[in-house]
Structures are given as C-alpha cells and as structure tokens.
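*Asks:* Supplied in structure tokens, the structure appears directly below.
The values are calculated or read from the model by the stated rules, or taken from the named source; none is laboratory data. Predicted, not measured: the structure shown is a model, and the values here were computed from it. Cβ placement follows ideal geometry from the backbone for every residue including glycine, while neighbour counts extend to all protein chains displayed.
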Amino acid sequence: MKQKQLKRKTIIVTLVFLAVGGILFKSIFTTSMQIYEKKKEQKEYTVKLEKLKDKEDELNNTVTKLQDPDYVARYAREKYLYSKDGEIIIRIPD
C-alpha cells in the first residue's frame, strides 16, 4: 500500500515537474524568438539609418553648393542652357 502511494506521488510530482518544465521551455523559446526578431529588425533599421544619413549628407552638400552664386550660374548654364549676353549656345548631342 505504501509503495503504491509512493509510486503515485512520484508520478504526480514527475508530471508537475514536466508541466512546469514545458511551460518554462515554451516561455524561454518564445522570448528568444522575440529577441531574434527584434535584433533582425534593429539591423534593418540600422541600414535604413545609414542610408538616410548618406542622403542627408548628400542634400547638405547640395544646399552648400546652391548657396554659391558661381555654382548656381554654372549649373543653370549647363542644365538649362542659359547664356550670358552675347554668348551663343551650341549643344552637341552625346
């Protein structure tokens, strides 16, 4: 009788430990998957941030150039075929 009760208690304790272990394993697995996804997302945002910083540098460079009147005049002459008084523009196709 005692041995039967001891066996039953052992089985119950084992089942409880297995249930708790399963819950802990699921929790740890879920958390580690969330961490993996967040790290992946962080890498994507880091790449986007670098691209945006490069774009910002490029735009700041353009703003600096456009503040120079000589650059603006040269750009307008090349891009929009503006000319100075008495100048003739001849466009040669590429």
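*Asks:* If you check T10, T30, T46, which single one turns out to be modelled with pLDDT under 95 and in a helix (DSSP H, G or I)?
*Replies:* One residue alone meets the criteria, T10.
*Asks:* Considering only residues that are over 39 Å from the mean Cα position of the chain (by Cα) and either in a helix (DSSP H, G or I) or at pLDDT 90 or above (or both), which ones fall in segment 74-86?
*Replies:* Selection gives R77 alone.
*Asks:* Which condition number does I89 fail, the rest of (1) modelled with pLDDT of 85 or more; (2) not in a helix (DSSP H, G or I) being met?
*Replies:* That leaves (1) as the condition not met.
*Asks:* Separate question: Looking for whichever is surrounded by fewer than 10 Cβ atoms within 10 Å (Cβ to Cβ) and within 36 Å of the chain's Cα centre (by Cα) here; the options are Q34, Q67, Q3. Which one fits?
*Replies:* Just one listed residue meets the conditions, Q67.
*Asks:* Under 6 Å by Cβ, and 6 or more places apart or on different chains, what pairs join a residue from segment 42-56 that is surrounded by 10 or more Cβ atoms within 10 Å (Cβ to Cβ) with one that is modelled with pLDDT of 95 or more and of a type in the set (A, V, I, L, M, F, W, C)?
*Replies:* Going by the 6 Å Cβ cut-off, there are no qualifying pairs.
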